[in-house]
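First the structure, in the form of structure tokens, and then the observations on it.
The values are calculated or read from the model by the stated rules, or taken from the named source; none is laboratory data. Please read these numbers as outputs of a predicted model, since none were measured by experiment. Positions of Cβ are generated from backbone atoms using ideal geometry, with glycine treated the same way; all protein chains shown enter the neighbour counts.
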Amino acid sequence: MRTSYAIGVDVGGTRIAAGLVERKGRTLKEVRALTPAEAGPFAIVDAIIELIEGVAVTVHPGEIAGIGVGLPAQIDFLKQTVEFCTNLPLAGVDMRSLIMSRVRHPVTVDNDGNCAGIGESRFGAAKGVRDFVMITLGTGVGGALFLDGEPYRGSRGLGAEIGHMVVQLDGPPCPCGGNGHIESFLGRPALAARGRAAAAEYKGEAIRDEAGGDAEKVTAENVVNAALAGDEIARDILLDAGTVLGEALVGIVNLLNPKLIVVGGGIGESCAFLVERAAEVIDEHALAGRRDVRMVQAELGNDAGVLGAAALAFDEHDSREGLHR
Ligand SMILES: [Zn+2]
């Protein structure tokens, strides 16, 4: 049967969102809750179930194709288990079974970057583009690879971790345990640390003011806001981050010859000049593929994860039923 709705769940380190989504990407109902990150995996599952029930009541259960869940984690896509998770206590947890035991619908779990990429591919900035790279700049740095129209996850599903590409082997520590990864330069904690260092000096006055005069309290958003208001010091911090991003993307352009690079996440969507700086680096340093690639900001904002997770649930349902997209 060709069902009309799917439920998409986007689990973040801070918030969980769930939406009841139509095939064309319209969200009928969306609910959100804080992630009970400290309370353990079962509390996180409880929160997810509550949100799913909150949106599912709107329609007949037979009309729901399934549930897609995006997690901020490396997912073994074949086994559908969590392999590694930095921000939440989910490593080794069989999230799909835990959720499926409490709902009446099939569940598919995937990495949140993949879900955001599927969302932008189906309904947003990458609509109709078969070869593109998604990169999400938020608290963590995630991403997705779309090759020949399909998300590419690697042999087991652990791939496309663009945020953990090495740009400097002896660089700053990354939350994942590595060093010098893109995330260790562009994640919110990294940008905030540079903002705090600048705010502690006289010249960092504008950044300090954004944090209410306390250099110790500077966040990544304070740096972004100071830069958008014209402060050169804040702007330089973000341009440096854009340069690092561009350096990593030169390799990706040379390797994959994508048509589009979509930059999303809270930082990516608020910082056009960071994205432009990365595009300049690609233009200066990549091989001939630089002429094929456009770099754009994502279009779906916070909704990308929910919409992509729902699209994944539709796809899994349709392939089970032998229906074609
Ligand atoms: Zn890392």
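A few points about this structure:
- When we screen LEU245, LEU239, LEU287, LEU312 for residues that are more than 22 Å from GLU161 (Cα to Cα) and crowded, with 17+ Cβ neighbours inside 10 Å, the only hit is LEU239.
- Counting only strands (runs of 3 or more DSSP E) that sit wholly inside region 64-110, those with at least 2 residues that are under 16 Å from the mean Cα position of the chain (by Cα) are 64-71, 74-76.
- Any hit, region 230-243, residues being modelled with pLDDT of 95 or more, closer than 24 Å to GLU120 by Cα and within 16 Å of the ligand (Cβ to nearest atom): yes
- Within region 122-151, residues that are of a type in the set (Lys, Arg) sit with their Cβ atoms under 9 Å from residues that are part of a strand (DSSP E or B), at 6+ positions apart or across chains, in these pairs: ARG130/PHE146; ARG130/LEU147; ARG130/GLU150.
- Enumeration of residues in region 173-192 that are surrounded by 16 or more Cβ atoms within 10 Å (Cβ to Cβ) and more than 22 Å from GLY264 (Cβ to Cβ): GLY180
- Residue count for region 16-31, restricted to those that are of a type outside the set (Val, Ile, Thr), buried (at least 16 other Cβ atoms within 10 Å of the Cβ) and touching a strand residue (DSSP E or B) at 6+ places or on another chain (Cβ under 9 Å): 7
- For region 139-158, a residue qualifies if it is within 14 Å of the ligand (Cβ to nearest atom) and touching a strand residue (DSSP E or B) at 6+ places or on another chain (Cβ under 9 Å), and the qualifying residues are VAL141, GLY142, GLY143, LEU158.
- Any hit, region 302-318, residues being under 24 Å from SER4 (Cβ atoms), among the aliphatic types (A, V, I, L, M) and not in a helix (DSSP H, G or I): no
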